[in-house]
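The values are calculated or read from the model by the stated rules, or taken from the named source; none is laboratory data. Being a predicted model, the structure only gives us computed values, none of them experimental. Using ideal geometry, Cβ is built from the backbone for each residue, glycine included, and neighbour counts are taken over all protein chains shown.
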Amino acid sequence: MLAATALLLTAGCSSDGGGGGSPGGGDGTTPGSTTANSSPSEQSAEQAPPAKGSVKVLRTVTTGLNTPWGLAPLPDGGLLVASRDKGTITKVDEKTGRKTELGTVSGVSPAGEGGLLGIALSPDYASDHMIYAYFTSASDNRIVRMLYDAKKPSGEQLGAPDTVFKGIPKGYIHNGGRIAFGPDKMLYAGTGESGDRGLAQDKKSLGGKILRLTPEGDPAPGNPFPDSPVYTYGHRNVQGLAWDSKQRLFASEFGQDTWDELNSIKPGDNYGWPVAEGKSSDSKYHNPIAQWHTDDASPSGIAYAEGSIWMAGLKGQRLWRIPLKGTEASADPQAFLTGKYGRLRTVVSAGGNKLWLTTSNTDGRGDPKSGDDRILELEVK
């Protein structure tokens, strides 16, 4: 067990930032070269980044955002930001900070941890201009896609949502919500068990899973269970997805009373919840590569840069760096920005050694300061 794990203090329940469950508070290769695991010989040949890194806040990109959740950089410039509670998508000029509202996503029914959550650009965005979004409706969590037409007036630039995938269990808590297209151009979605723990171990349920879909919403070719979108199971509430430079997938996960997790994802594996929280001695459960007490993390988004996973902490109010060698942590996790900007929700690669980072102080569990919520630009090593 990593030394940092042993040193962390015990904490309370970790939901979407620390309120717990209560309203108050083979190898892993799949088609498309999405490698989820590497052999010991491959890992030993890889070089680990330095044990200690650094973070420099270059600037505040913009302020005054309402419950920002998903963040998607546009290829021709600009950042798309989803508002969980307002159900809107806004374009932020990353140079000036100017905000332009694209429109409201119809059908969003925000409550508790639900609302308009993750967003992602189509892998063919250059030609189809499609934005994908994961949101909570009146009946479920679902994934839709919408045409973005920048030529239309502000507020009218989003086309009607086309439902790609539906039926993901919803709840006041644990709605998951992160979506991302992988190197294989398949759509990955992290879901929560909606407060119903048993769903996580039920491979027929969509709750407490990582799903892998085609852009049209069908089970992706090569998935581990026949005709199923389920990629991995035994999750409590997955809100972070990122691939390293070798196309290996990692995911962050909220724990409950004891351990939050960073996991290396291998298709078909069982990640233990609700039987196991954090590392387990039972070999049928895939152990995390790092874990934290819930006061110190409550992780949402993750990104990969400079040989490390960077993980945003909500209740922990800090940015964690987890250096990697293969699919293992190569040194103790290192914390940055502790308490400086409050709750941290989403972290996205800005290319090279730069990251975009959003705060999450207007989500009902934070302590908003003047200017919240905001997007920061970071330089990391």
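Annotations
- Selection from segment 291-340 of residues that are among the charged types (D, E, K, R), crowded, with 24+ Cβ neighbours inside 10 Å and over 25 Å from ARG84 (Cβ atoms): ARG321
- Residues in segment 270-290 that are surrounded by 24 or more Cβ atoms within 10 Å (Cβ to Cβ) and part of a strand (DSSP E or B): 1 in all.
- GLU253 passes every criterion in (1) surrounded by fewer than 24 Cβ atoms within 10 Å (Cβ to Cβ); (2) under 25 Å from PRO219 (Cα atoms); (3) of a type in the set (D, E, K, R) apart from (1).
- Of all residues in segment 355-372 being over 13 Å from LYS340 (Cα atoms) and among the charged types (D, E, K, R), the one that is surrounded by the most Cβ atoms within 10 Å (Cβ to Cβ): ASP363
- Within segment 106-132, residues that are within 22 Å of PRO183 (Cβ to Cβ) sit with their Cβ atoms under 7 Å from residues that are surrounded by fewer than 17 Cβ atoms within 10 Å (Cβ to Cβ) and of a type outside the set (D, E, K, R), at 6+ positions apart or across chains, in these pairs: TYR125/PRO75; ALA126/PRO75; HIS129/LEU147; MET130/LEU147.
- Screening HIS235 on (1) part of a loop (DSSP other than H, G, I, E, B); (2) buried (at least 21 other Cβ atoms within 10 Å of the Cβ); (3) over 14 Å from the mean Cα position of the chain (by Cα); (4) not β-branched (Val, Ile, Thr) shows it passes everything except condition (3).
- Scanning segment 192-206 for residues that are in contact with a Leu (Cβ under 7 Å, 6 or more places away or on another chain) and over 17 Å from GLU277 (Cα atoms) yields one hit, SER205.
- Cross-chain or 6+ apart pairs with Cβ under 6 Å, segment 171-195 first and within 10 Å of ILE210 (Cα to Cα), then among the charged types (D, E, K, R) and crowded, with 21+ Cβ neighbours inside 10 Å: TYR188/ARG212; GLY190/ARG178; THR191/LYS209
- If you check GLY115, GLY107, GLY103, GLY87 for being in contact with a strand residue (DSSP E or B) (Cβ under 9 Å, 6 or more places away or on another chain), among the small types (Gly, Ala, Ser), within 17 Å of SER300 (Cβ to Cβ) and modelled with pLDDT of 95 or more, only one passes: GLY115.
- Some residue of segment 203-212 being surrounded by 22 or more Cβ atoms within 10 Å (Cβ to Cβ), part of a loop (DSSP other than H, G, I, E, B), within 18 Å of the chain's Cα centre (by Cα) and of a type in the set (Gly, Ala, Ser): yes
- For segment 257-276, a residue qualifies if it is in contact with a Ser or Thr (Cβ under 6 Å, 6 or more places away or on another chain) and farther than 18 Å from SER300 by Cβ, and the qualifying residues are SER264, PRO267, ASP269, GLY272.
- Of everything listed in (1) in contact with a strand residue (DSSP E or B) (Cβ under 7 Å, 6 or more places away or on another chain); (2) farther than 29 Å from ALA48 by Cα; (3) part of a loop (DSSP other than H, G, I, E, B), the single unmet condition for PRO226 is (1).
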